[in-house]
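Worksheet: the structure to be examined is printed underneath.
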Amino acid sequence: MADDIVLRFEHVKKQFGPVKALDNISFDVRKGEVHCLVGENGAGKSTLMKILSGAYDITEGKIYIDGKKAEIHNPSDASTLGITVVYQEMNTVDKISVVDNIMLGMEKSRWGFHLAKEDARFVRPYLERVGLEVNPHTLMGNLSIAQKQMVMLAKALIQNAKVIVLDEPTAMLNEKEVCILFEIIESLKGDDITIIYISHRMEEIYEIGDRISVLKDGTYVGTFDKKEITMDQLIVKMVGRELKDVYPDKRHSQGQKLFEVRNLSNSHVSDISFTLYQGEVLGIAGLVGAGRSEVLRAVFGADSKWSGEIFLDGKKVVIRSPKDAIRHGIGFVPEERKTQGIVGCLSVKDNLTMIYSQIKAKMGFLQKKDEDTITKYYIEKLNIKTAGTLQMVRNLSGGNAQKVVVAKWLSISPAVLLLDEPTQGIDVGAKAEIYQLIDQLVREGIGVIVVSSDLMEIINLSDRILVMKDGKISGELTGETITEDQVMMYAMGVEANEAS
């Protein structure tokens, strides 16, 4: 093997009973590179990384570290070999300190006594190395998601990691935090530390990556230098088909005034006024913390303490709770899908009909036959890939779980649908399906409001865009004025005519 190859998978297979999760995976990873691992949800990325981390045993095949065959049967084996995985949902203990999280299982002691001060002195330079200025005795629970990631990177360096796997590391970060993370990754590369980077965000792959390996349906498609493959070509490799029309045609026929908000204010936003028309996608853009999600939560009644007025079909309505919003035909797909959108331990059917069954219940009794019909209808309509109506939602891919959340609201035939980060954490193929679904809904006369941090997404989906800054609407864009420059100028508080 070449001297610069730090990790090699050779004919790796993984089976769960009769199901082949991975089949004959072979590729190598070089020392000091950012090696991106991409593929649709269910392609096998997580399974392969769990084998590397020792969470799963390999069924067949070999893994080599620095040219030597590695035996990895548990996380301790992986750590000893210099492999660390920083998961999107980090395995930290919030009720103990930063230093205790880092040194867990490695505490310094003398004659049986824990040397806490030595631990703190020991971790400080590693925290500085990842750019984290925090007291080591700070409770882990008091840190932001980005800071927790830095703590786990510091722990990886203490463990002399050769290979660090970052699984969707930017999913919960704002733009400034992403920039800081990328600077740290470049610094680690300079020390010959290898990063395996897993992300659905194509722009990030091309910004930070060196080479890209593609998995599809548990098989290896190929490894490509990012300079030798375009983004469109990479997407074709991932999904197995061309996605020429990822974004639908925005030319919608605007109908009558459907939904109006006047002077909405609360502790997060101030004097928000806008109108939504039938058959329109209204985008709300802005930087993280601008108040976008807070507007949706307020008009849905999730945040009850606000002032202002809401009109639906020209009539004033009172919405002080989600129950009020549902009664008036307003649906809400929240940003936090796993904690607010689905109940993971319940089935596809139970999740999909959760609201429908309550509305349609007769004399307190649920209509099971109707639930079966509705569930099967939306599984087919939205192309939800599931083993059946009784499959647990937590076992679905991110894209299919998101479709269940959307179907839950469609089942009650809403007049207005609020979508907060509708494609966060789902693969490019599932994104295209969500976009086409949104297009179909507005053509059926539903009014849709979309909040998204993905600039290209909000630009390509929206008929109009409201841009927010510091809890206020800083500008409105329509038609040819909807450009990246104009959105960012308003988001940063620069007047549109200054951008010209």
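The table that follows gives values for the structure above.
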| read-out | value |
| --- | --- |
| Amide proton proximity set for residue 216, modelled H, under 5 Å, gap of 5+ | 221 |
| Kirkwood hydrodynamic radius of segment 154-233, from inverse mean 1/r over distinct Cα pairs, in Å | 13.9 |
| P(r), alpha carbons of segment 40-190 - 5 Å bins starting at zero, rounded % | 2, 9, 17, 20, 19, 16, 10, 6, 2, 0, 0 |
| Spherically averaged projected area of segment 114-194 from its Cα convex hull (nm²) | 5.6 |
| HN-Hα J in Hz across segment 192-197 - Karplus 6.51, -1.76, 1.60, θ = phi - 60°, x for Gly and Pro | 6, 8, 8, 10, 9, 10 |
| Accessible surface of segment 147-297, 1.4 Å probe, proportion on carbon and sulfur as whole % | 44 |
| Gyration tensor verdict on segment 115-161 (Cα atoms; rounded if a/c is under 1.5, prolate if a/b is larger than b/c, oblate otherwise) | oblate |
| Whole-Å semi-axes of the ellipsoid equivalent to segment 1-72 (Cα gyration tensor, √5λ, descending) | 21, 14, 10 |
| Segments 470-477, 416-423 sorted - mean Cβ within 10 Å per residue, highest first | 416-423, 470-477 |
| Segment 404-500, accessible surface, carbon-and-sulfur percent (1.4 angstrom probe) | 47 |
| For segment 121-184, accessible area per residue (1.4 Å probe, heavy atoms of protein chains only), Å² | 45 |
| Exposure ranking of 226, 316 by accessible area [1.4 Å probe, largest first] | 316, 226 |
| Average accessible area per residue (Å²) across segment 201-336 - probe 1.4 Å, nucleic acids and ligands excluded | 48 |
| Coordinate range along principal axes, alpha carbons of segment 378-443, Å, largest first | 30, 26, 19 |
| Convex hull volume per residue in cubic angstrom - Cα atoms of segment 397-500 | 108 |
| Computed helical MRE - 222 nm, the chain, DSSP H runs ≥ 4 contributing -39500 (n - 2.57), nearest 500 | -10000 deg cm²/dmol |
| Debye log10 I(q)/I(0) at q = 0.16, 0.17 Å⁻¹ for segment 217-374, Cα point scatterers | -1.10, -1.14 |
| Cα-projected label distance for residue 186 with residue 73, points at 7 Å along beta-carbon direction, nm | 4.4 |
| Mean separation of Cα contacts under 8 Å (6+ apart) over length of segment 182-252, as relative contact order % | 18 |
| Percent breakdown of C-alpha pair distances by 10 Å bin, ordered from the shortest bin, for the chain | 4, 17, 26, 25, 18, 9, 2, 0 |
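The values are calculated or read from the model by the stated rules, or taken from the named source; none is laboratory data. Since we're looking at a predicted model, the values are computed, not measured. When we count neighbours, we look across all protein chains shown, and the Cβ atoms used for this are built from the backbone with ideal geometry, even at glycine. Surface areas here come from the heavy atoms of the whole protein model, side chains and all, with no ligands, DNA or RNA. Shrake-Rupley method; radii C 1.70, N 1.55, O 1.52, S 1.80 Å.
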